[in-house]
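To start, the structure under review is shown below, and the notes come after it.
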Amino acid sequence: MKKIDAFMVYLVFTVIVLGGLLIIAAIALAADADQIAGQRDQIAALEAINFELTDQLDEAERQITELVTEDAPAWGEAKTETEAVDSAEVDLLARLIMCEMGSDGPPDEQLYNVGSVILNRVADDRFPNTVRGVIYQSSPCWQYAPARDGTLEKAKPTARCYEIAEDLLTSGSRLPAAVVWQSTEPQGSAVYAAYYSPVTGETTYFCK
């Protein structure tokens, strides 16, 4: 009888231990399931972020493509003819500014005025429609002496002249459109501005 009782106690103890182990295993499995579910949620969130970033990258690439003009030169290609003409105009206008006003003496305003008269003439139907045409206009008379006597070709414009010439060709004339005359004597219908040079002792008039 005592052996049976001892066996029953052992059996009950074994059942309790096994039950406890099963409960612990169940709890561990449940924790693992929660962890796996959490990891799945994190993975899903990361995938959503990745999709969003991909869409944003595609949109950025589309906008960049739209900003690039079809006629833009590819890397390593030579400049287009239009760019070469623009460079030539900058050089020619800088030379004319240098010959007409110099660089070191007068204020920037006067250098801008010289170039602005050129641009105003280009836009005026009474004169040629290009910078070169205006500067080298010889009929009914030469408009600019440096173009007539060869001084223009020998001129060495300063960096300041080049900067002003490029700015004018990029931004346009700084004088009213009607100001198309520049001379050491008043011309046209009215004097718009005048500049006396202490270096040459002459006054340059900008007239309508």
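Selection of the stretch 88-115 for residues being farther than 17 Å from residue 183 by Cβ, among the aliphatic types (A, V, I, L, M) and touching a helix residue (DSSP H, G or I) at 6+ places or on another chain (Cβ under 7 Å) yields 90, 92, 93, 94, 98. Suppose we keep only residues that are polar (S, T, N, Q) and under 13 Å from residue 96 (Cα atoms) within the stretch 138-173. Which one would you say is surrounded by the most Cβ atoms within 10 Å (Cβ to Cβ)? Here the residue is 143. From the list 145, 88, 155, the one residue that fits, being more than 24 Å from residue 191 (Cα to Cα) and over 31 Å from the mean Cα position of the chain (by Cα), is 155.
Within the stretch 194-201, is even one residue more than 14 Å from residue 102 (Cβ to Cβ) and either surrounded by 15 or more Cβ atoms within 10 Å (Cβ to Cβ) or among the acidic types (Asp, Glu) (or both)?
No, every residue in the stretch 194-201 fails to be more than 14 Å from residue 102 (Cβ to Cβ) and either surrounded by 15 or more Cβ atoms within 10 Å (Cβ to Cβ) or among the acidic types (Asp, Glu) (or both).
Values quoted throughout were computed directly from the atomic coordinates according to the rules given, and no laboratory measurement underlies them. Note that this is a predicted model, so its numbers are computed, not measured. Because the Cβ atoms are built from the backbone with ideal geometry, glycine has one as well, and the counts that use them run over all protein chains shown.
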